Every structure is written in C-alpha cells, then in structure tokens.
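Taking it in order: structure first as structure tokens, then the write-up.
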Amino acid sequence: MSTKEATLREAGCFNPNHENISADVFASSPFFDRKDIVQVKYEMIRAASNGEGSITEIADNFGFSRKSYYQARAAFSDGGLCALVPKKTGPKEAHKLNPEVRGFVNAFLAIKKDAKAREISAAIEAEMGVKIHPRTVHRYLKKN
C-alpha cells in the first residue's frame, strides 16, 4: 500500500469504490486520483457545473448516485472543500450509557470494587432492563 493510500485511509478519505469511476479526467492525468474521495466529489461537482452531461451520467461516471451528487453539492455549497471530507458514521458515544446507567455502574462499583465488566453488564440488564455489551462497560471503566 502506498503512503498516499495509507494517509487517505487514515483520514477517512479513501474511496472504496474507486474501480467504479469511468470519468475521463481520472484516466488522462496522474494528478487525478480516483482513490481520493474528496477529489472525486469535487471533480464530479465541477463537471456538473460545467454542464459536461446530465447529473445522472456525471454521477454514474464518478461512481456515485444522483442523491449522493446532490448531497455532495449541498455540502460543498455550505462548507467548501472541507465539507466533502466524509464524516465518521455511527454513534459518536456510548448512547446506552446515559447518566442513569453510569450512576448505576458507579454505585455498583462502590459496593463491589472488584466487579468485572461482564458482571456489571449483567447487573444493568437485571436491574434496569437495558442490555449493554460488557465491552462497552469495560471501555467506560477504562475511561473513568
């Protein structure tokens, strides 16, 4: 794996669908990198703004759906090039570990200091009816 590809992956900017790009611009010059999703989205928006085809054709040539094109265009209009960098998906924090559950965990540990994550997870489920994976509890304990 090249250094650039590793950097793109680390930054979350690697385009996993780079093989689906048929736009000529990526075949004409080594400057254009189909693995760089920010560059691909920008070039797709540029091609559409220059009227280089229908939105459907352009989106398809760049490996995106029409919906994705419109989302990228809106993001670019609102936030510029930085807005084309993909955002991390999924939950941003342990959403099941709300203040009430965290309070329960802390109270449980006050009574039983050497409790393991699996035991705490089982107690949460038994007492509160909330199923939380022991690994989530372990991460919370490690953090706090």
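Selection of helices (runs of 4 or more DSSP H) fully inside the stretch 22-135 by the criterion of at least 3 residues being under 27 Å from Ala6 (Cβ atoms) returns 25-28, 37-49, 66-79.
Restricting attention to the stretch 1-34, the residues being within 23 Å of Ser77 (Cα to Cα) and among the basic types (Lys, Arg) number 1.
Of all residues in the stretch 21-52, those that are under 11 Å from Phe64 (Cβ atoms) and under 20 Å from the mean Cα position of the chain (by Cα) total 3. Considering the conditions (1) assigned by TED's automatic domain parsing to the domain that holds Ala11; (2) surrounded by 12 or more Cβ atoms within 10 Å (Cβ to Cβ), Phe104 is excluded by exactly one of them, (1). Listed by first and then second residue, the pairs with beta-carbon distance under 6 Å, at least 6 apart or on different chains, first residue in the stretch 118-139 and touching a residue at least 24 places away in the same chain (Cβ under 8 Å), second small (Gly, Ala, Ser) and not in a helix (DSSP H, G or I), are Thr136/Ala94. Only one of the numbered conditions (1) more than 23 Å from the chain's Cα centre (by Cα); (2) touching a residue at least 40 places away in the same chain (Cβ under 8 Å) is violated by Thr56, and that is (2). Say we look at the stretch 82-97 and pick out the residues that are surrounded by 12 or more Cβ atoms within 10 Å (Cβ to Cβ) and over 15 Å from the mean Cα position of the chain (by Cα); which of these is modelled with the lowest pLDDT? Only one residue fits best here, namely Ala94. Scanning the stretch 15-45 for residues that are over 18 Å from Ala59 (Cα atoms) and hydrophobic (A, V, I, L, M, F, W, C) returns a single hit, Phe31.
For the condition farther than 21 Å from Lys143 by Cα and modelled with pLDDT of 95 or more, Ala122 does not qualify.
The values are calculated or read from the model by the stated rules, or taken from the named source; none is laboratory data. What you see is a predicted model; the values in this text were computed from it and never measured. We place every Cβ from the backbone using ideal geometry, glycine too, and count neighbours over all the protein chains shown.
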